[in-house]
Amino acid sequence: MIPYGRQHVSERDIESVVAVLRSDFLTQGPAVPAFEAAVSAYTGGVHAVAVNSATSALHIACMALDLGPGDLLWTSPNTFVASANCARYCGADVDFVDIEPGTYNMSPAALADKLAVAKARGRLPKVVVPVHFAGQSCDMQAIQSLAAEYGFAVIEDASHAIGGRYRGQPVGCGRYSDITVFSFHPVKIVTTGEGGMAVTNCARLADSMRLLRSHGITRDTSQFEGTPAGGWDYQQKLLGYNYRLTDLQAILGVSQLRQIDEFVSRRHQIAARYDRKLAELPIQLPRQSADAYSALHLYPIVVRDAAGRRAMYDGLRAAGIGVNVHYIPVHLQPYYRRLGFGPGSFPNAEAYYAGAISLPIYFDLTDELQDVVIATLTGLCQRLGPV
Ligand SMILES: *Cc1c(COP(=O)(O)O)cnc(C)c1O
């Protein structure tokens, strides 16, 4: 099976992890701050807080922004469930903003319309989570100016987008948001096995997230309430979690990050080849916006309708091509339907989903394997007729 995505692990990556295994620290050692410094240097974001997943990063980002019961978080329906679940962990409510047809990212126009209505009703979101779908940045300038006008905080879910750029600057630089979150799951751009990072330019938010990722505990006596009892003393200041990344994972991240630009540029070669060789087929290819250099986590095509998608998906799978679908709109999941959402609420996300298929794209996908995907897809288009 040719997967839709997979990690690339080099001998150097393996050696770096083995060296940590032989060292004094498997966790809470020097590799974690080294990885944080590397992500901070790469993205330009001032403070980077490493955690055990992007899901954890989204959770502590929401907590640091004081999201709680009675508050509202808005995100895109075209995302993984974690972008919305982070609000539910905090007891807050979730709503969605529909996507734009070209990039499948949150539509700034839909966001503006929904904010005007929400303001009239007196229920504005406290946090908005734009998701850089497939690795391509949302229109952050438009979203940031709405944030200034309506007073909400912004968390960029950049799980797909490390290595991407927006208006010439790396995703994660923090110019247009409060916090940016990355994922290091093996299908993403760089991996630590499981892992995530929250990046911010705000020292207060960074301190808060550092406390939250490790039980709410500090050993920094300057943050103590009262005087320390002795050298052993630590204080739990709030209710945190164990969301720590291990040193084994962090050192893999350090090593992977050295190769990130190579990873992303290979993905661009693969995408350019798909663009060229699939151009004549009756399918919609993903559009790249002029403002963004995508990290190209995904290469989503869209066929005409749900029946065509099913036939195409089954045909590709039967031929050993591990295509996938990104994403089932979050509001159509049973959990979110029970909260009152249903079909018809976000028509662009639903229409996109009906025809969506993610083709294989990853560093080690060779031209030969990609040609198998292209030939199979071309053959299926001929056999299935207009899909
Ligand atoms: C992968 C992903 C997440 C969750 O990342 P984990 O590191 O697996 O927790 C969140 N949001 C999006 C958009 C993702 O693709």
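The values are calculated or read from the model by the stated rules, or taken from the named source; none is laboratory data. What you see is a predicted model; the values in this text were computed from it and never measured. Heads up, the Cβs are rebuilt from the backbone with ideal geometry, glycines too, and the neighbour counts pull from every protein chain shown. We work out accessible area using only protein heavy atoms, side chains counted, and drop any ligands, DNA or RNA first. Shrake-Rupley method; radii C 1.70, N 1.55, O 1.52, S 1.80 Å.
At-a-glance table
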| read-out | value |
| --- | --- |
| Shape metrics for region 29-159, restricted to C-alpha atoms - Rg then Dmax, Å | 15.1, 51 |
| Overall Cα dimensions of region 294-333, principal axis frame, Å, largest first | 27, 26, 18 |
| Equivalent-ellipsoid semi-axes of region 333-387, from the Cα gyration tensor, Å, largest first | 33, 17, 8 |
| Of 221, 180, 103, the one that fluctuates the most in a GNM where the chain has Cα springs shorter than 10 Å | 221 |
| Net charge contributed by nearby residues that have their C-beta within less than 13 Å of residue 168 (K/R +1, D/E -1) | +2 |
| Summed residue charge, Cβ within 11 Å of residue 289's Cβ, Lys/Arg positive, Asp/Glu negative | -1 |
| Dipole magnitude (debye, nearest 20) for the chain, charges at Cβ of Lys, Arg, Asp, Glu | 580 |
| Amide proton proximity set for residue 99, modelled H, under 5 Å, gap of 5+ | 107, 348, 349 |
| Over the chain, volume per residue of the alpha carbon convex hull, in Å³ | 140 |
| Summed residue charge, Cβ within 10 Å of residue 7's Cβ, Lys/Arg positive, Asp/Glu negative | 0 |
| 30 Å Cα cut-off, lysine pairs counted over the chain (separation 8 or more, or different chains) | 4 |
| Normalised contact order of region 293-387, rounded percent, pairs of Cα under 8 Å and 6 or more residues apart | 45 |
| Accessible surface of the chain, 1.4 Å probe, proportion on carbon and sulfur as whole % | 52 |
| Ordering of 160-168, 267-275 by burial proxy (mean other Cβ atoms within 10 Å per residue, highest first) | 160-168, 267-275 |
| Under the Debye formula (equal points on every Cα, no solvent term), log10 I(q)/I(0) of region 1-84 at q = 0.14, 0.20 Å⁻¹ | -0.78, -1.16 |
| Helical mean residue ellipticity (222 nm; -39500 (n - 2.57) per DSSP H run of 4+; nearest 500) of the chain | -12000 deg cm²/dmol |
| Euclidean distance between Cα centres, region 1-64 to region 332-353, Å | 34 |
| Translational diffusion of region 260-387, µm² s⁻¹ [Kirkwood Rh, Cα pairs; Stokes-Einstein; 4 °C; 1.567 mPa s] | 82 |
| Accessible area in the full protein assembly, largest first, 1.4 Å probe, for 126, 277 | 277, 126 |
